[in-house]
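The values are calculated or read from the model by the stated rules, or taken from the named source; none is laboratory data. Worth saying up front: this structure is predicted, and the values here are computed from it rather than measured. Because the Cβ atoms are built from the backbone with ideal geometry, glycine has one as well, and the counts that use them run over all protein chains shown. Protein only, heavy atoms only, side chains kept; ligands, DNA and RNA dropped before computing areas. Shrake-Rupley method; radii C 1.70, N 1.55, O 1.52, S 1.80 Å.
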Amino acid sequence: MTIHNRNIVIDFEPISRRIYYSDNETIYHTLTKSGIRIKSLCGGKGTCGKCKLLIQKGLNLFNDPTMAEAEQLSKNEIKEGWRLACQALLDYRKIEQIKDLQSLHVRIFLPDDLLVEDFKILTTGVDKGIQLNPNVIKLCVHPDKPSLNKPIPDFERILYSLPPDKLKPIGNVEIEYNILKELPDLIRTQEDGLTLTILNNKNIINCEPGNTLEKNFGIAFDIGTTTIVGYLMNLNDGKIHAISSLLNPQTAYGEDVITRITYIKENKDGLNQLNSAVINALNTIINKTCKKARINHSNIYEISIVGNSVMHHIFLGINPTYIGLSPYVPAIQRNLNIKARNLGLNISREGNVHVLPVIAGFVGADTIGVILSSQVEKESEMTLVIDIGTNGEIVIGNKNILATASCAAGSA
Ligand code: FES
């Protein structure tokens, strides 16, 4: 029986492409034949080492690493499943030994820097004319110098220099303790004014010398069961400056939400392991997007998070076990604001993480994101919105009522 007859499919992530494999071709050829261009300096000869990819599932179905791979990859990398696309091919002798057809599933992760084109994520769509209303604004102020005539304290002088039309009554404005500690020196050394970063129209979360109004960034994360995507956006104008994605590293502990819940139940440190995996992935994406956009991570002041209920809980370090048990209730439904540093996320020191609310059961904050962006709640006609992911959700309704449901869709 040939490989082709056994219908071997390879899922390439994070680009979500499923491709049928043909006999005796390297993964390099499978990709290029399908129009997915990858980096190569040697034209597939195995000498440049540029075509590294990670075989996440089905490694046992591949040929043994070649001499070229022994030279280009470390022993550890080979052990973890890294291969050169131009050397790796499915080995039909190994495949013939497999009785369980389920085991013929192959999943390959393509690192960001392997792909020539940045075509991985759908970034365009119907513009619903969403009005920008960021939680974080920056204001450049020129506070008066203190004098004997007006011995006004530093923080209050800052308050008096704030433009009243930009903020709610200034009496409500607060300052983070860490920023307050730096204020007396900062306010006396600045010549060109100070730039304040204000969260929710109320809380000063950063103060820096000069005018840095342009450097006001936020990052939105969609934590999918299989893929995590981060969109780095300038909060002043809503322009997306960089997008980066990773395979959710939790897939190493289970492909779907139920398997991950089981892993957490059966392993004492399971929740910590899965939580660290997702936090590390988010920090990696933060670094990558900052590098692409040439900005400093300290200029990111807010993160927004969506994900299904299980991803939401694991991200927060909350045990998701009870979502998987009748009556399937989450630990919390409402939205949350948490300091990024408390979650281990590497942005501005006082940066905020806004976690969108979940809906019910497995229908989580990602569906809130779908509703907000599609604006289905404003439609007069009965409208159906479908979000197909490893976990799939639908929303049906209009301006009067909305109903949602979810099911495992990855297998479909
Ligand atoms: Fe150069 Fe594979 S393309 S090593």
*asked:* Take the residues in segment 218-235 that are assigned to a loop (DSSP other than H, G, I, E, B) and at pLDDT below 95; name whichever of them is farthest from Leu356 (Cα to Cα).
replied: Thr226
*Failed condition for Leu54, given (1) more than 9 Å from the ligand (Cβ to nearest atom); (2) out of contact with any Phe, Trp or Tyr (no Cβ under 9 Å at 6 or more places or on another chain); (3) of a type outside the set (Gly, Ala, Ser), with all others met?*
(2)
*Is it true that Lys292 is within 24 Å of Glu176 (Cα to Cα) and either under 15 Å from the mean Cα position of the chain (by Cα) or surrounded by fewer than 23 Cβ atoms within 10 Å (Cβ to Cβ) (or both)?*
no
*asked:* Scan segment 243-260 and tell me whether some residue there is outside any strand (DSSP E or B), open to solvent by 60 Å² or more (accessible area, probe 1.4 Å) and under 25 Å from Ile300 (Cα atoms).
replied: no
*Just wondering, is there one or more residues in segment 62-80 that are open to solvent by less than 20 Å² (accessible area, probe 1.4 Å), assigned to a loop (DSSP other than H, G, I, E, B) and not hydrophobic (A, V, I, L, M, F, W, C)?*
no
*Which of the following residues is within 15 Å of the ligand (Cβ to nearest atom) and closer than 15 Å to Leu114 by Cβ: Ala85, Ala68?*
Ala85
*What are the residues in segment 197-217 that are farther than 20 Å from Leu132 by Cα, touching a residue at least 24 places away in the same chain (Cβ under 8 Å) and in a strand (DSSP E or B), if any?*
Ile204, Ile205, Asn206, Cys207
*Residues being open to solvent by less than 40 Å² (accessible area, probe 1.4 Å) and over 12 Å from Val136 (Cα atoms) - total across segment 194-218*: 6
*asked:* Among the residues in segment 7-18, are any within 10 Å of the ligand (Cβ to nearest atom) and either of a type outside the set (Ser, Thr, Tyr) or closer than 11 Å to Arg107 by Cα (or both)?
replied: no
